[in-house]
Structure formats: structure tokens, C-alpha cells
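First up is the structure itself, then whatever we jot down about it.
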Amino acid sequence: MASLMESAKKAFTAVIPTDKIADLQRDTREPRTGEHLTTDHGVKASDTDNWLRVIGSDGEQNGPMLLEDQIGREKIHRFDHERIPERVVHARGAAAHGYFKVYDDRASKYTYAPVLTDASRTTPVFVRFSTVQGPRGSADTVRDVRGFAVKFYTKEGNWDIVGNDIPVFFIQDAIKFPDFVHAVKPEPHNEVPTGQSAHNNFWDFVGLQPESAHMVMWVMSDRGVPRSFRMMQGFGVNTFTLLNDKGDRYFVKFHFIPELGVHSLLWDEALKISGQDPDFHRKDLNEAIENGFYPKWKLAIQTIPQVREHDFDFDILDATKVWPQELVPLEEIGELVLNRVVDEFFTETEQVAFCTSHVVPGIGFSDDPLLQGRNFSYFDTQITRLGVNFQELPINRPICPILNHNRDGQARHRIVKSSINYWPNRQNIGQPVSAKDGGYIEYTQRLEGIKRRARGEKFKEHFNHAELFFNSLTPYEKVHLASAISFELSHCEDPVVYRSYINVLNNIDLDLAKSVASKVGGDIPSQPGRPSHGKKSKGLSQTDFMPKEPTIVSRRIAILIADGFN
């Protein structure tokens, strides 16, 4: 029976290889039974169980080990250097290979990028899911944001959507990112807590930084404890741009909508699973793919013509705001499918490097101040983690031809057989490419203003969208959210912290502030901090994303049989 199951798994995972899988085979080695052991420099090793040492002439007495033992030294040295710097955030992750296809060319009115317009293409992808706060050894089911990063290996180069399972973020300006991460990470004096935001520093920060109010609502809702990676939405978070072949520019948000619907764990379930099976989400993803239940998402976009940028009562470049679907509808344009597990965790899941700055012709950046900083930071952190040649690693290298005059650096792989390493040159090697021949061009944009450290006026409003989210939840979702905030604040020993955050909540919803205050011993407000707008929006509650037909496909089920059953 076991061999039958193994055969079935192999059949499901032996999918038709994409161009990227074929590319990875150049660096894939599958050892076979009976193969001989060698050193890294290719010499067959006769013994790796005993260090070369001096043995007494009687054969009984052990003497000192000898430094000349290259085999022993290599084995220990390689082991000592197996670890690379852990990601500062998103350290714990799981990943899989798959593909993306658009339905047709419906997006061509917004962009000329073939990955979003050419229905004849099957674009290989690599998707990495992650938690944010905890280290690599933390548990899967903690309350946290989840990373949802997609690398598209297009024929025009790699395109990365470095997103989350929540459409907004804690901060508006990238310069606050170090402060936010320091605040949410374990406190510096005792390295506690791990994988949690239930501590003084996090709630102190968000209480004094009200732009985070909207994001806090999402993380404290059921979205903070997803049932499965396969049942999460994915969002690009930032505002990007699309450029069509007429030169028209559109602002765009990217959404991934799971085929199975959006589902969460109950908090009690999350706690129990965290203790009993800390790898729950990793195993769930692999098990589904290996059994042929391939996770699927629809890719949808929201677009705003450039001429309408300022038509809203919020700034569309503010990463702490959503674009309500009543104002900017979703358009489904394609499907993302994961159908192959990784062959080796470290070389694929751990060494994959995503950069928001990696875009392809037809896709560009906006003046979103969080995105602008991420474009610098992500590229910089990959160099720190993996070295300046990180894009030559098998999992990161593009499937299209690569040629430039970048040279050398640590761990360089590519060998360039040429006497030319500069431009311009007498042989016309590595010449720039015009736009009509596929070269990347930036949108020509007129800019004028005053250089100063400030934010636009619309960036100064922080509570309308937090209230919009809360109002859009079902009654039971609101109860779960209030309980989550109460749980977290009850772990804050400093009364200044939880009193401060009750004031923030009172600017979102009076009843929510009262409920939390009564549970944590804070001052119960009698009047709302601001007038309520009373609005709701589609697509904020998880119940808006139920599957078209209720199903238990790909879920584990339990059958309970009472004593005495025959």
C-alpha cells in the first residue's frame, strides 16, 4: 500500500517541466544507490568516520589528530559554514514551483507586458510563503502577517511581486521600516517573545504611530491566523504602474484570490497546532501538491488611469489604504497554479531572492513612498545575505539570455569569454536596446515641487479605512478581532501601552474600544474619538471569498467511531 501511495505521488509531481524546471536541471544532481563518496575537489574518500591521527604502535592508544587531514578539515569546515544570514523578516518560509497563464489579452488596454497579455504563454513561477516576525525555527500558525512572494520567470526577464496576505502595511514611508521591525521583534533586553506581537514594544509603537491602525485591524482579525497557505489571498500591497502600447499609464494593484476560498483557524486551534505540529502549513502545502491537489489562485488587478490619480478622498499611493472595490473594481486576468514541490529546501526556498525593483517592460513603479524605499532595501539585503552575484544562483537566474558588463565579486558563476567588459566598445558587444526592440523604458513624467521631509495632506488621515474594514466584518469576525486585541494587550505590563491603544481603537469604533478596555482593565471611553462614517466595502470580510461550491477537497477529515461500533 505504501509503495502504491509513493507511486501515485511521483505521478502527480512528475508534471511537464516548465522552462525554469528545465533550467534548474543543469544544476540538479540526484544521487544513486552505490555511488562513491568524494571530496568537494573530486577525490574519492576512503574513510570519513575517523580523523587521521597518531595511533600507538600497539594499536591501542589514541594520539593527537593531525592537521594534515584535508578530508576531515573539509568536512568540518563545510559544516561550520552551512548557514547564511537569516532574513531579518520573513525568515520562516515554504515554497513551490508552478506556472501562470492569462486567460486572454484583456489586460492589453493597460499594458504591453506579454506576461499579462499573451495567452499563448505559460510563465514559470516560484512562490514563497512566510511568516514575518519569527525566526526560521518558529511555528507556522502564530498570529502574524504572511508573506506571499511570486517570482515570474518571463521571457523578458524576472518579475517579482513581493507581497503579503494582507493588502495594506503598518507604515506609509519606508524610512519607518527599521523602527517598525525593531518594535515587533522580540524585545532587545531578553529576546522575548518569539513569533508574537503580544508585547509592550509593538503595541507602544502602533499606539504612537496611528498610520498603522488599518493594518493592525487586519492582523488582529481572522486573517492573522490562516488555515493554510492555499487558503490565503495574496496582495502586491504597493501601487505599481502599467504602460500600454499607446503610452498611456495606469496605476495598478495586484490581487491573488484562492480557488479554495479564504479560511482561517480559530485562535484556540492555532495555539494547539503551534504546539503539536509547528510545521503545519509547510506540510499542508507539500501534501496537497504531492497528492495532485494543486493550489490555484486567480490573478486580479485594480487599475486607475493616471488622470484620475487625485479623484479620491485618500491618496492612492498610500500603502496603509485599500482601493474600495465599489470605486475601483477587480478584473480577473489569469491563473496561478503550484504543481511541484522543491527538490532541496536550502538551494531553492532559502536562497530565492525577491526584489520589488525587478519588473519587466510594460510594468513600472509609482511614487508610493513605501515602494520607493523597498526598491532600494530589498536589493541591498539580498546582497548582504547572498552576495553581489545572488542573481546567478540557479533559483534566481532568469530563463532569458543574460549579457552585461558586470564582473567579478564573491561567488561569481558565469564565465564570460571576451576581452570586452565595458560600453561603448569597438566590437559593439552588449549594446543598449531600444524600446521598439524590447528595451525597458521609464515613463516620461514631469516633476516639480519643493524638497522637504513631509507627506501629502491625504497621508495624514489614518482611521477611515480602519473603520471601513471593521464595519465590513461579520459579527463573529468582529468578536474574534476584539478578543485578539484583548489577548495581545493583556500581555503588555505597562498600563501606558494599553491605555494608549484604547484611544486609537476609540477612533475606529466606540464599541470595540469599550469591549477591549473592559477586558484589559483600561479606561472605558464614553464618547467616540471621531464621528463614524458608517461605510462598508466588498472584499474585506473573508466571507466574501467563499468557493463557488462548498468543498472538502484536499482537506484532511476525521471520522470518530464510538465504542461498540461494529
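Annotations for the structure displayed:
- Filter pass, residue 120 being among the hydroxyl-bearing types (Ser, Thr, Tyr), at negative phi and crowded, with 16+ Cβ neighbours inside 10 Å: no
- Every listed requirement among (1) closer than 30 Å to residue 124 by Cβ; (2) open to solvent by 50 Å² or more (accessible area, probe 1.4 Å) is met by residue 47 save one, (1).
- Selection of helices (runs of 4 or more DSSP H) fully inside segment 1-95 by the criterion of at least 3 residues being at pLDDT below 90 and farther than 30 Å from residue 381 by Cβ returns 2-13.
- Contact annotation: residue pairs with Cβ atoms under 7 Å, 6 or more positions apart or on different chains, pairing a residue in segment 480-491 that is touching a residue at least 12 places away in the same chain (Cβ under 8 Å) with a partner that is part of a helix (DSSP H, G or I) and among the small types (Gly, Ala, Ser), are 482/515; 484/224.
- The sole residue among 129, 100, 79 that is under 30 Å from residue 230 (Cβ atoms) and over 12 Å from the mean Cα position of the chain (by Cα) is 100.
- Taken over segment 324-340, the residue count meeting the criterion of being open to solvent by less than 10 Å² (accessible area, probe 1.4 Å) and closer than 18 Å to residue 238 by Cβ is 1.
- Among the residues making up segment 413-454, those that are within 25 Å of residue 359 (Cβ to Cβ) and within 30 Å of the chain's Cα centre (by Cα) are 413, 414, 438, 439, 440, 441, 442, 443.
- Of the helices (runs of 4 or more DSSP H) lying entirely inside segment 141-256, none contains at least 3 residues that are under 16 Å from the mean Cα position of the chain (by Cα), over 30 Å from residue 555 (Cα atoms) and among the aromatic types (Phe, Trp, Tyr).
- Residue count for segment 268-279, restricted to those that are touching a Ser or Thr at 6+ places or on another chain (Cβ under 7 Å) and either free of Cβ contacts under 8 Å to residues at least 40 places away in the same chain or closer than 27 Å to residue 539 by Cα (or both): 1
- Among (1) within 29 Å of residue 545 (Cα to Cα); (2) surrounded by fewer than 21 Cβ atoms within 10 Å (Cβ to Cβ); (3) of a type outside the set (Ser, Thr, Tyr), the one test that residue 306 misses: (1)
- Residue check, residue 441 under 21 Å from residue 157 (Cβ atoms), of a type in the set (A, V, I, L, M) and open to solvent by less than 50 Å² (accessible area, probe 1.4 Å): no
- Look at (1) more than 21 Å from residue 466 (Cα to Cα); (2) open to solvent by less than 60 Å² (accessible area, probe 1.4 Å); (3) more than 34 Å from the chain's Cα centre (by Cα) and you find that residue 492 fails only one, number (3).
- Tabulated pairs, segment 183-204, first small (Gly, Ala, Ser), second open to solvent by 70 Å² or more (accessible area, probe 1.4 Å), C-beta under 6 angstrom, 6+ apart or interchain: 198/491
- Close pairs from segment 63-79: first without any contact (Cβ under 8 Å) to a residue 60 or more places away in the chain, partner part of a helix (DSSP H, G or I), Cβ under 9 Å, at least 6 apart: 65/72; 66/72; 67/73
- For residue 108, the stated conditions do not hold, so it cannot be described as open to solvent by 10 Å² or more (accessible area, probe 1.4 Å), of a type outside the set (A, V, I, L, M, F, W, C) and assigned to a loop (DSSP other than H, G, I, E, B).
- The single residue among 398, 369, 361 that is at pLDDT 95 or above and closer than 23 Å to residue 26 by Cα turns out to be 398.
- A search for C-beta distances below 9 Å between a residue of segment 449-462 that is in contact (Cβ under 8 Å) with a residue 12 or more places away in the chain and farther than 22 Å from residue 508 by Cβ and any residue that is assigned to a loop (DSSP other than H, G, I, E, B) and not aliphatic (A, V, I, L, M), counting only pairs 6+ apart in sequence or on different chains, returns 456/315; 456/318.
- When 346, 293, 354, 312 are screened for being in a helix (DSSP H, G or I), open to solvent by 10 Å² or more (accessible area, probe 1.4 Å) and of a type in the set (Phe, Trp, Tyr), only 346 passes.
- If the condition is being open to solvent by 10 Å² or more (accessible area, probe 1.4 Å) and under 23 Å from residue 469 (Cβ atoms), then segment 141-169 contributes 142, 143, 144, 162, 164, 167, 169.
- In segment 446-499, the residues that are in a helix (DSSP H, G or I) and among the basic types (Lys, Arg): 458, 460, 478, 499
- The number of residues in segment 500-547 being open to solvent by less than 50 Å² (accessible area, probe 1.4 Å), among the hydrophobic types (A, V, I, L, M, F, W, C) and either at pLDDT below 95 or in a loop (DSSP other than H, G, I, E, B) (or both) comes to 2.
The values are calculated or read from the model by the stated rules, or taken from the named source; none is laboratory data. Keep in mind it's a predicted model, so treat the numbers as computed, not measured. Don't worry about glycine lacking a Cβ; one is built from the backbone with ideal geometry, like all the others, and counts go over all protein chains shown. Accessible surface is based on the protein model in full, side chains and every heavy atom, while ligands, DNA and RNA are left aside. Shrake-Rupley method; radii C 1.70, N 1.55, O 1.52, S 1.80 Å.
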